[in-house]
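The values are calculated or read from the model by the stated rules, or taken from the named source; none is laboratory data. Please read all numbers here as calculations on a predicted model, not as lab measurements. Quick reminder, even Gly has a Cβ in these numbers, built from the backbone with ideal geometry, and neighbours come from all protein chains shown. Remember, those area values only see protein heavy atoms, side chains included, never the ligands or the DNA or RNA. Shrake-Rupley method; radii C 1.70, N 1.55, O 1.52, S 1.80 Å.
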Amino acid sequence: MNEAETEEMKAKIDELEQINNEKISKKKKWEKAKPIISFVLDKGADVAITIMGLILQMKLGI
């Protein structure tokens, strides 16, 4: 990944952290996380595995 893609990925991780910290149901967190997951899956297997691990650690209800 180039520098721009790395910055974009960091922004997506920050967005996931914000979703995780919201006081909403797991279902709503999942709905908010879906577009990020789609984005990550388009970036390749290595990136997807790393980010999916982060999502599972956050217990977003996935």
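Annotations for the structure displayed:
- Cross-chain or 6+ apart pairs with Cβ under 6 Å, segment 11-23 first and farther than 13 Å from K59 by Cα, then open to solvent by less than 50 Å² (accessible area, probe 1.4 Å) and among the acidic types (D, E): none
- Scanning segment 1-56 for residues that are basic (K, R) and out of contact with any helix residue (DSSP H, G or I) (no Cβ under 8 Å at 6 or more places or on another chain) yields K10, K23, K26, K27, K28, K34.
- Flag for L54 being open to solvent by less than 60 Å² (accessible area, probe 1.4 Å), part of a loop (DSSP other than H, G, I, E, B) and at pLDDT below 90: no
- Residues (assigned to a helix (DSSP H, G or I) and either touching a residue at least 24 places away in the same chain (Cβ under 8 Å) or within 8 Å of the chain's Cα centre (by Cα) (or both)) located in segment 35-44: I36, I37, F39, V40
- Filtering E15, E7 for residues that are open to solvent by 90 Å² or more (accessible area, probe 1.4 Å), part of a helix (DSSP H, G or I) and among the acidic types (D, E) leaves a single hit, E7.
- For V47, the criteria (1) open to solvent by less than 70 Å² (accessible area, probe 1.4 Å); (2) touching a residue at least 24 places away in the same chain (Cβ under 8 Å); (3) assigned to a loop (DSSP other than H, G, I, E, B) hold in every case but one, which is (3).
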